[in-house]
Amino acid sequence: MSEQTTLEIIAPTVEEALAQGLKDLGLTAADVSFEVLDSGGKGFLGMGKRQVRMRLTVNGETNDDLASQAEDKSAPLADPVPAPAKEENASLTPKTDPANPSKEEPLLERSEEVVNKLLELMHLDAQASARYDDPDREGRKSVYVEVSGKELGVLIGRRGKTIDAFQRIAALIVSKEMARWVRLSIDVEGHRSRREQQLRRMAQKMAEQVIKTGRKQSLEPMPANERRIVHMELQNSPDVKTNSFGEDPQRKVVIEPKN
């Protein structure tokens, strides 16, 4: 058996290290295994921040066919991403597979592949299923990936920080492979859906208090995606308005009277 090829990358974040490593190797995430050797650190009093160090290992004999594809960078894993616009549009034409709607779009299929590969690398007994989410006000659709399986609390992490990082990595990989930015949302056993409903109820409750007392109210610190839910929930209120204040990770939403 031939020796496996490895590459060590140093970068400010895990996402950047992974993206740089894949670029240098000319491979996709499905072609490699990766290990974070050093997760970095903030340094003393915020100075001398230590960067992330990651090792990428090219998969061995079980992926010989993928390795041969990687030698030709114009032929990435699974469906190639055509350079001409006309061919790319043609590749997005829905396929007739009523038994499995996720296979109707190469983007959905690729999203499932990437998330499932990351789950495998994390040694989690889980399966991903992708679909298009409802379009936003500009008509743009994002890819919604539902992950189901066993003992997935580790994937969610404290206050959802692990799943947020997982989502960023997956979105970066899918965007690179599709040669365009892809808006990707990953939910684990309905965690995000439940959290969104909780945030909407909390926003309405806090807005009622602001209207009743006439005084502004500050919510707990939240990540950007959760702050956005609060802003969206109250954006059409005739009585209150919302703003964000502070620096991450302590940035929070403040609800205050309009008049």
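Only the coordinates and a few stated rules stand behind these numbers; no lab work does. If you're wondering where the values come from, they're calculated on a predicted model, not measured in any experiment. As a convention, Cβ positions derive from the backbone with ideal geometry for all residues, glycine included, and neighbour counts pool all protein chains shown.
Here the Debye sum runs over all C-alpha atoms of the stretch 192-257 as equal scatterers in vacuum, and log10 of I(q)/I(0) at q = 0.11, 0.13 Å⁻¹ comes out as -0.22, -0.30. With no solvent and one equal point scatterer per Cα, compute the Debye intensity ratio I(q)/I(0) for the stretch 165-224 at 0.27 Å⁻¹ and report its log10, rounded to two decimals. Reported log10 I(q)/I(0), two decimals: -1.09.
In terms of surrounding Cβ atoms within a 10 Å radius of their Cβ, Arg194, Arg228 rank from fewest to most as Arg194, Arg228. Checking the table Lys141/Lys176; Lys161/Lys216; Lys141/Lys258; Lys161/Lys258 against a 26 Å threshold on Cα-Cα, which pairs fail? Beyond 26 Å: Lys161/Lys216; Lys141/Lys258; Lys161/Lys258.
Pairs of Cα atoms nearer than 8 Å and 6+ residues apart set the relative contact order; for the stretch 136-209 it is 39 percent. Can you give me the C-alpha center-to-center distance between the stretch 137-197 and the stretch 209-242, rounded to a whole angstrom? Cα centroid of the stretch 137-197 versus Cα centroid of the stretch 209-242: 24 Å apart.
Charged neighbours of Leu152, selected by a Cβ distance under 13 Å, balance to -3 (K, R count +1; D, E count -1).
Evaluated with a Cβ-only charge set (Lys, Arg +1; Asp, Glu -1), the stretch 145-259 carries a dipole of roughly 240 debye about its Cα centre, given to the nearest 20. Contact order for the stretch 140-259, expressed relative to its length and based on alpha carbon pairs under 8 Å spaced 6+ residues apart, stands at 22 percent.
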